[in-house]
Amino acid sequence: MTSSLGRLPAVLLTLALPAGALVATSAAPAAAVPKKPTARGSGGAVASVDPYATQVGLRVLKAGGNAVDAAVATAAALGVTEPYSAGIGGGGYFVVYDAKTGKVRTIDGRETAPRKMPRDAFVDPKTGEPYPFTPDLVTSGVSVGVPGTPATWERALDRWGTWSLAETLAPATRIARKGFRVDKTFRDQTVDNQERFAAFRTTKRLFLKKGRAPRVGSTFRNPDLADTYDLLAKRGTRAFYEGKLARQIARTVRKPPKTKSTTLPVPRGFMTARDLKRYRTVAGRATQVAYRGYQVHGMPPSSSGGSTVGEALNILEGSDLGKLQRPAALHRYLEASALAFADRGEYVGDPRFTKVPLKDLLSQRFARERACAIDADQALPKPIAAGDVSSYDGKCGPSAPATAEPAEDTENISTTNLTVVDKWGNVVEYTLTIEQTGGSGIVVPGRGFLLNNELTDFSTVYEADDPNRIQPVKRPRSSMSPTIVTKKGKPVLALGSPGGSTIITTVLQMLVNRLDLGMSLPQAMAAPRAAQRNTADVTAEPAFITRYGAALEAYGHSLVPAGDAFTSQAEIGAATAIGIRGRRLVAVAEPDRRGGGAAGVVRPRKR
Ligand code: GLU
């Protein structure tokens, strides 16, 4: 991948960045940085949920780094300022458009199950019954997967980067050491997790100083994480996957550092140091579907993002949504999503353990047949049964899809997403997570980072024919959907979002908003969202219900407000995106959701 400056020595890099950007000298917190949801200009762009992280990415681009260097640096900064959503204790999916080859490639950095994880790991040996999902399973060692994020960063830099891991970690290390200003989102997320965080000595010490969540405007420092980043900078990610830190992670999973006072049960996990040593990322090709003259590239399994977004777009391809009245277009969007989710549940899991019929799921002919089920005037009863990938001819038959057993959706809302474009035209779309906000709630002693609870993305009840059943060393199915859209081989749009299984619907809805419904990218981002995941009800933001609820209920859709037991927010997703038109870039983050995100460009457009 191109970079005009090639690999910069660290000392030169320090000089290349704005004063004090890399050298932690004073005890003052890193300056608060302004955040803007939309930025237009050229020369490169970054969008993330956090102003510090976006600024780090922009500085890397300004100092000559490419999009991959900037993406890793931005992600490392998010590990500091958004520690409840992502960090080195988690995993994610990294999608790259390489301007030199014109190809879209992926890194699967998903967490894996430990080798000794039994199929009944989610059953309480004391009762013989499955652990209650909350609080038992989510706050546990048993749900911690082997983290993939450090290995993802190293692999991305090795393959496409021009900076070293040490160079990309340096700005984040400085923020961890100097501190950042606590905003309302950080405080609210801490308060929401107070009981879980208080259950562990290590977590309490880090995030609940004096037993309380940090105040808005106070400075939050994480010197332990700075030291951990320093260790990785010096010794590479081997220092994470082998040796003392690896042993410590495994021990923490097997015997979480519970406080005496907690009443939470905290089931123990099965991870060993060998699991960490054996962790590998998986490099691959993106999924691809043609849609309205564009190519939409997504994340292949173990994520269901690429196949589900792709299938839904293929289902929609036959209707000219832009010509329909808005409720009619939204009705089709919801139905296409439900159909694609039915197939996701039936067929998608980790492809190293289950045969995923990806070609069929992404075939236009299969989608054409699935689209036959949609009634233009009436919502189908949900859940809809999966299609048959072993026999389809693209024609409408007499039989409508049968109703299936309802599946429980246990995915929660956390995670973070970032988008980067550089001046050479390289693009990175990266979604990373520790699963739930606050992950498992367990901080590794003295290391400053939370461990994920990603294995809760496995089906909670074991069934032998379920592609997402628990198996040792397997990756749980994800919904993360980092997506890059090209036209005639050139990137025009990149986008992604957090939000559990609503990630898929958020990305799909934004694509429909932008490519079909005539919205600008900032409008496509801000528009109220609704998610139909093959369930009886459509989950929707209040503004969506106000605007379209009555019209969609006339089709038979039942709309319920978004929000779950963990968050008071009735919102869906926290997306980022960048639109590309030649040299002109528009970087877009959320104007309001999750407190609003931060977009920036290297050379802002003059007004
Ligand atoms: N664990 C989820 C997934 O991989 C992401 C977490 C979230 O956004 O809630 O799909």
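Model label points for residue 260 and residue 278, set 7 angstrom from Cα along the Cα-to-Cβ axis, are 3.9 nm apart.
Ordering 297, 312, 282 by Cα displacement along the dipole of the range 270-315 toward the positive end leaves 282 in first place; charges were set at the Cβ atoms of Lys, Arg (+1) and Asp, Glu (-1). If I take every Cα pair under 8 Å that is 6 or more residues apart in the range 106-204, average their sequence separation and divide by the length, what percent do I get for the relative contact order? Relative contact order of the range 106-204: 25 percent. Across the options 109, 229, 71, the greatest Cα extent toward the positive end of the charge dipole of the chain (unit charges at beta carbon of Lys, Arg, Asp, Glu) belongs to 229. Projected over every direction and averaged, the convex hull enclosing the alpha-carbon atoms of the range 448-518 yields 8.1 nm².
The charge dipole of the range 414-517, taken about its Cα centre with unit charges on the Cβ atoms of Lys, Arg (+1), Asp and Glu (-1) only, comes to about 480 debye.
Rounded to the nearest 20, the size of the Cβ-charge dipole of the range 222-312 about its Cα centre is 580 debye, with Lys and Arg at +1 and Asp and Glu at -1.
Note on the range 206-319: semi-axes of the ellipsoid equivalent to its C-alpha gyration tensor, largest first and rounded to whole Å, are 39, 22, 18.
Once C-alpha pairs closer than 8 Å and six or more residues apart are averaged by separation and normalised to the residue number of the range 251-336, the relative contact order reads 17 percent.
Shown is the FRET efficiency for residue 592 and residue 461, computed with R0 = 30 Å from the Cβ-Cβ distance and rounded to the nearest 0.05: 0.20.
Pairwise inverse Cα distances across the range 257-319, averaged and inverted, put the Kirkwood hydrodynamic radius at 15.8 Å. Among the listed pairs 359/488; 100/487; 204/234, a Cα-Cα separation exceeding 25 Å is found for 204/234.
Measuring from a point 7 Å past the Cα of residue 583 along Cα-to-C-beta, which residues in the range 38-71 have an amide N at less than 14 Å? Zone members listed by number: 41-44. Spacing of the modelled spin labels on residue 234 and residue 523, each 7 Å from Cα toward Cβ, amounts to 5.5 nm. Each of 163, 213, 85 was scored by the projection of its Cα onto the charge dipole of the chain, and the greatest displacement toward the positive side belongs to 163; charges sit on the C-beta of Lys, Arg, Asp and Glu. With the simple model of a label 7 Å out from the Cα in the direction of the Cβ, residue 158 to residue 210 spans 4.7 nm. Placing R0 at 35 angstrom, the Cβ-Cβ distance between residue 134 and residue 325 gives a FRET efficiency of 0.30 after rounding to 0.05.
Hydrodynamic analysis of the range 48-190 uses the Kirkwood radius over alpha carbon pairs. Inserted into Stokes-Einstein at 37 °C and 0.692 mPa s, it gives a translational diffusion coefficient of 192 µm²/s.
Take every pair of alpha-carbon atoms less than 8 Å apart whose residues are at least six positions apart; their mean separation over the length of the chain yields a relative contact order of 24 percent. For the chain, taking Cα atoms only, Rg and Dmax work out to 22.6, 73 Å respectively. Computing FRET efficiency as 1/(1 + (r/R0)^6) for residue 403 and residue 377, where r is the C-beta to C-beta distance and R0 is 22 Å, gives about 0.70.
Values quoted throughout were computed directly from the atomic coordinates according to the rules given, and no laboratory measurement underlies them. Predicted model, so just to flag it, every value in this text is computed and none were measured. With ideal geometry, Cβ positions are generated from the backbone for all residues, glycine too; neighbour counts draw on all protein chains shown.
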